[in-house]
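*Asks:* The structure is given below, and queries will be raised subsequently.
The values are calculated or read from the model by the stated rules, or taken from the named source; none is laboratory data. This structure is a prediction, so every number in the text was calculated from the model and none was measured. Cβ placement follows ideal geometry from the backbone for every residue including glycine, while neighbour counts extend to all protein chains displayed. The area values use the complete protein model at the heavy-atom level, side chains included, leaving out ligands, DNA and RNA. Shrake-Rupley method; radii C 1.70, N 1.55, O 1.52, S 1.80 Å.
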Amino acid sequence: MKNILILHTGGTIAMSEDQNGAVSPDSSNPLNQFANPFAGKLNLITEDIFNYPSPHIGPKQMLLLEKRILRAADENIDGVVITHGTDTLEETAYFLDLTIPSKFPIVITGAMRSANEIGSDGLHNFQTAIQTAASDEAHGKGVLVVMNDEIHTARYVTKTHTTNVATFRTPTFGPIGLVSKHKVSFFEELLRHTALPIQNVVNHVYLLKAYAGMDNELFDFIASDTSNTNGLVIEALGAGNLSPHVIPSLKKIIDKNIPVVLVSRCFNGIAEDVYSYEGGGVQLKEMGVIFCQGLNGQKARIKLLVGISAGLKGKDLANFVSDAIS
């Protein structure tokens, strides 16, 4: 019989709606009333590691999860399921994907509707996540996100709708598998999965989104001595371009040896050095900006934060962040 470790962290999947329609955390997690439908086949070991709405979760909480899961490798655990709020679920999933060697399946899930709403999706997502974590085929595929009967990789999945139960999508590539009533089926797999375990997390790693007419004010702050900046990710325009007004301040940041990573603000496609006008990708790459291909801004920030926290610098850090398939 396989042992599946369940780690509850809070979120809508652990909340209820009051008579006024407001949704908030319950004093007790409704998932703890879940009757194990796999009794006799799977042993479920449940822990409430914390109970936070996902906007309250940051790298420190993600690190607690990482350390707990790493301990589970020595506890005869065959798979892990994490329940989580959906707002930052993709970031926690990717943090764990980057920092935990793939010794057993790790699956993260949540819900878009609270426990007492009509059509609540929490219990179904929870059950399919357990099925996936117990699947032999889930080994070696990195951290997985299971929602709405679809299996996605933590690396590329993102929340695409504020309220729809089919919110989690993987732009360009799509899901790698599906969960049916009695079967977990995989159709694709990651080309490569590497992990970089860390003991602590740095702070002051920022994310900026480019917009039409952007000036240098925010960049000047990041370049200042008072910001204590450790790294910067920019969601650039189009294929990877910025307003020319930010270039002098951006150069100051790079001259201070602060790593600057660039992705596109488009949800499909990759950032690349195509245009050679002022502020274009060619100039940015020549300045030393690191192009990260295939990740969105929030994922690139997590990857940069993990790399810096692991002590990577210079070319090693640039290679780690820019590698699109690890």
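*Asks:* Filter the stretch 1-41 down to residues that are charged (D, E, K, R) and at pLDDT 80 or above and give me whichever is farthest from D136 (Cα to Cα).
*Replies:* K41
*Asks:* All but one of (1) in contact with a Gly (Cβ under 9 Å, 6 or more places away or on another chain); (2) open to solvent by less than 20 Å² (accessible area, probe 1.4 Å); (3) in a loop (DSSP other than H, G, I, E, B) hold for V107, so report the exception by its number.
*Replies:* (3)
*Asks:* Given the options N257, N268, name the one that is under 22 Å from C292 (Cβ atoms), open to solvent by 40 Å² or more (accessible area, probe 1.4 Å) and either assigned to a strand (DSSP E or B) or touching a residue at least 40 places away in the same chain (Cβ under 8 Å) (or both).
*Replies:* Going through N257, N268 in turn, the sole match is N268.
*Asks:* Something else now. Would you check which residues across the stretch 55-64 are open to solvent by less than 70 Å² (accessible area, probe 1.4 Å) and hydrophobic (A, V, I, L, M, F, W, C) and list them?
*Replies:* Within the stretch 55-64, I57, M62, L63 qualify.
*Asks:* Something else now. Taking into account only those residues within the stretch 1-54 that are crowded, with 18+ Cβ neighbours inside 10 Å and small (G, A, S), which is farthest from the chain's Cα centre (by Cα)?
*Replies:* For the stretch 1-54, the residue satisfying everything is A14.
*Asks:* Name the pairs whose Cβ atoms lie under 8 Å apart, with the first residue in the stretch 158-185 and more than 27 Å from C266 (Cβ to Cβ), the second of a type in the set (G, A, S) and surrounded by 15 or more Cβ atoms within 10 Å (Cβ to Cβ), and 6 or more positions between them or separate chains?
*Replies:* Listed pairs, sorted by first residue: V184/S135; V184/A138; V184/G177; S185/G177.
*Asks:* List the residue pairs whose Cβ atoms are under 7 Å apart, where the first residue sits in the stretch 207-223 and is over 24 Å from F267 (Cα atoms) and touching a residue at least 24 places away in the same chain (Cβ under 8 Å), the second is part of a loop (DSSP other than H, G, I, E, B) and polar (S, T, N, Q), and the two are 6 or more positions apart or on different chains.
*Replies:* Short answer, once both residue conditions are applied: I222/T229.
*Asks:* Among the numbered conditions (1) surrounded by 13 or more Cβ atoms within 10 Å (Cβ to Cβ); (2) charged (D, E, K, R); (3) part of a loop (DSSP other than H, G, I, E, B), tell me where D220 comes up short.
*Replies:* (3)
*Asks:* A follow-up question, please. Out of the stretch 271-284, which residues are free of Cβ contacts under 8 Å to residues at least 40 places away in the same chain and in a helix (DSSP H, G or I)?
*Replies:* Within the stretch 271-284, V282, Q283 meet the criteria.
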